[in-house]
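Rule-based calculations on the coordinates, nothing more; no lab input. Remember, predicted model here, so these are calculated numbers, not experimental data. Counting neighbours? That spans all protein chains shown, and the Cβs are built from the backbone with ideal geometry, glycine included.
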Amino acid sequence: MKAFRLDELEAERAANDGAYLQFVRERTMSVGLYALDAGSLDPQQPHQQDEVYLVVSGRASITVGTETTQVGRGSVVYVPAGTAHKFHHITEDLRVMVVFSPPEG
């Protein structure tokens, strides 16, 4: 078993000066914590893996392909592999758990 505390993951991510912290990597999936501060721009490019986002905190909009929706704590968004997607209009610091299948990278 692997168990994690969100506050500890956020502290580790911040200490490493990165927007993304991968904390699980297995044969069929990986999981990470993604952070975007209010007003920032999301630099993501399409990934070769399917993704699921779970918004842990914050508020923003996300565009996936040609569809846009607002997200906040508790929102879950699926992004098919190869699909353009970006968070934008980030009005509150955004913290998102990301599941990639197969593993990212």
### Query
What are the radius of gyration and Dmax of segment 27-103, computed over its Cα atoms and given in Å?
11.6, 36
### Query
If you place +1 on the Cβ of every Lys and Arg and -1 on the Cβ of every Asp and Glu, how big does the dipole about the Cα centre of the chain come out, in debye to the nearest 20?
200 debye
### Query
Which net charge results when you count Lys and Arg as +1 and Asp and Glu as -1 among the other residues whose beta-carbon is under 15 Å from that of Ala11?
-3
#### Entry: Positive minus negative residues near Ser61 (Lys, Arg vs Asp, Glu; Cβ under 13 Å)
-1
### Query
Can you give the net charge of the other residues whose Cβ lies under 12 Å from the Cβ of Pro80, counting K and R as +1 and D and E as -1?
-3
### Query
If contacts are Cα pairs under 8 angstrom and at least 6 residues apart, what is the relative contact order of segment 15-105 in percent?
40 percent
